[in-house]
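Shown next, in structure tokens, is the structure this report addresses.
The values are calculated or read from the model by the stated rules, or taken from the named source; none is laboratory data. Since the structure is predicted, the reported quantities are computational estimates derived from the model, not experimental observations. Glycine gets a Cβ as well: all are built from the backbone with ideal geometry, and neighbour counts include every protein chain shown. Accessible surface areas use protein heavy atoms only, side chains included; no ligands, DNA or RNA. Shrake-Rupley method; radii C 1.70, N 1.55, O 1.52, S 1.80 Å.
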Amino acid sequence: MQPINESLSVRGGHLFIEECDSAELAKQFGTPLFVVSESHLRSNLRRYKSAFQMCWPEGQVRIMPALKANPVLAVRQVLSDEGCGCDVFGPGELEGALRGGVSPGDISVNGSIKDRSIIHRAIDLGARIVLDSPRELKLCEEEAAKLNKVAKVMFRIKPFMSELETKSDFVPDLDIREMTQLIKYGVPTSEVLDMGPLAIELPHIDPVGVHVHMGRHSKKMEVWQSWVRHCVLLTKRLSGLMEGWVPREIDFGGGFPSFPDRDTDVTVQGYEGPSLEEYAKGITDSFRAAMHEVSLDPTGITIEVEPGRGLHCDTGVHLTTVRNIKEETENRPRKWVELDTSEVFLAVPGFNDEPPFDLVFANKADQPMTITADLVGQTCNAELLFNQVSTPSLAVNDVVALLNTGSYIEPMAANFNALPRPGTVLVRGESAELVKRHETVDEVFARDIIPDRLASAEV
């Protein structure tokens with residue numbers, strides 16, 4: 001057996017996901033297909049819990065993965081079984097979290113332009129509301145009063161890392177300190193400083209904490225240390241305006257790199273970064289030191305973190321089948337291997353000079369790479385998924401596995417060319433269960449309405 005990662009190995013020339021032969025999964029469930037390793041997911045989560053709990057004896061640690069990273073309900077249920085909270089954006093994700101077994105008290109309702117209906121429901125459920133604007137504070141007070149309840153709220157603040165000149169891994173031309181300010185999320189500092197004193201006066205508002213989110217801008221520890229310190233500095237300013245208020249909960253957001261750091265949306269990859277355990281120590285040490293610096297007591301404060309890609313990325317595999325092979329031997333010699341997946345299922349561009357994913361030829365994993373070919377998708381787009389890569393001698397019905405597709409891939413799938421979106425299988429040991437079925441053509445067109453005047457019109 002040749003291990004690839006915690007859940008993947010090559011055995012007898014075939015790729016196995018836990019104890020399941022991926023080529024057999026492709027035959028049983030059909031392709032294109034997303035596959036998630038349940039055991040790997042649980043292991044990643046427990047590693048996050050252990051790392052932060054070890055470093056934060058002063059209070060509790062809550063892991064709050066954002067639902068957006070992988071919104072498949074069975075996957076979310078696995079995290080709920082492990083005692084995980086959930087960060088949601090909008091009413092759809094709130095519903096998804098509830099259906100995925102998350103306790104309402106462990107849900108943070110995040111996002112911009114929240115309307116009365118989602119605020120009302122969140123308060124009624126007992127979920128926390130992460131305020132993104134002064135308007136939302138007013139709505140929370142009004143809706144909580146209607147319900148005769150108290151709304152638990154967090155201020156989503158925008159720390160300004162004034163001394164930091166590090167460029168973003170997302171957009172290498174821009175400073176991280178500028179990107180975290182120009183992005184729309186969070187209450188502008190000039191507004192949140194007015195909101196704080198108002199919040200403690202409102203009878204139906206309980207300001208439980210602060211929330212920040214930077215995103216996957218950098219693996220460098222000094223970026224995270226600056227982020228945490230400036231979060232505390234801004235919190236101290238709020239505290240001074242709020243009669244010495246100290247948050248009971250602080251959420252430092254997500255943006256942790258995945259363990260393989262092979263995410264398709266990150267431009268700058270490949271450089272060394274801290275381990276998860278080193279991140280946990282760096283963040284908690286910085287928080288502790290900054291709190292003492294501003295004379296705030298950190299004892300009893302709950303720390304929250306929101307791993308998305310860091311939790312899910314390497315737990316997922318995408319299986320696709322070779323449907324046709326074409327070759328040009330005149331003019332511009334080239335070979336094309338046509339797959340039944342698509343760029344629109346994988347959230348990648350139509351032209352990829354570099355392979356967007358690591359890949360394994362699932363039923364020919366031990367065969368020599370003797371061919372050079374393009375691996376292309378099935379829509380009428382360019383679909384150059386893999387440009388001139390080495391492959392074994394391939395045939396129709398061979399299976400290709402794209403690795404590290406567990407986060408931000410499946411939820412981005414679209415219906416271009418009226419293609420039904422792929423299903424998802426959850427693997428645990430030798431067991432494989434369909435947890436999200438393949439979409440049908442009828443479902444692709446289910447929202448369309450042809451007015452009677454058009455349907456009955458004579459051509």
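Results, tabulated for the structure shown:
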item	result
Percent antiparallel among DSSP beta bridges (both partners in the chain, rounded to 5)	50
Three-way shape label, the chain, alpha-carbon gyration tensor, a/c 1.5	prolate
Computed FRET value (nearest 0.05) for Thr267 with Glu243, which takes r as the C-beta separation and R₀ as 45 Å	0.50
Leu182 accessible area, 1.4 Å probe, all protein chains in place, Å² to nearest 10	120
Percent accessible area from carbon and sulfur atoms, the chain, protein chains only, probe 1.4 Å	50
Chain lengthening between Asp206 and Asn417 when straightened (0.36 nm per residue, less Cα-Cα)	71.0 nm
Förster-model FRET efficiency, 41 Å R0, Met221 and Ile450, C-beta, rounded to 0.05	0.10
Cα gyration tensor shape for segment 312-459, rounded if a/c is under 1.5, else prolate or oblate	oblate
With all protein chains modelled, accessible area of Ile200 [1.4 Å, Å²]	60
Net charge dipole size for the chain [Lys, Arg +1 and Asp, Glu -1 on Cβ; Debye, nearest 20]	660
Above-threshold pairs, the threshold being 22 Å between Cα atoms, out of Lys152/Lys219; Lys68/Lys220; Lys68/Lys436; Lys114/Lys158	Lys152/Lys219; Lys68/Lys220
Cα shape, segment 58-199, gyration tensor, a/c 1.5 rule	oblate
Protection-proxy order for peptides 361-367, 296-302, 2-8, 420-426, each taking the mean of Cβ atoms within 10 Å per residue, highest first	420-426, 361-367, 2-8, 296-302
Heavy-atom surface of segment 179-313, accessible at 1.4 Å and reported per residue (Å²)	37
Accessible surface, 1.4 Å probe, highest first, among residues Arg437, Arg453, Arg216	Arg453, Arg437, Arg216
List Thr31, Thr235, ordered by accessible area with a 1.4 Å probe, largest first	Thr31, Thr235
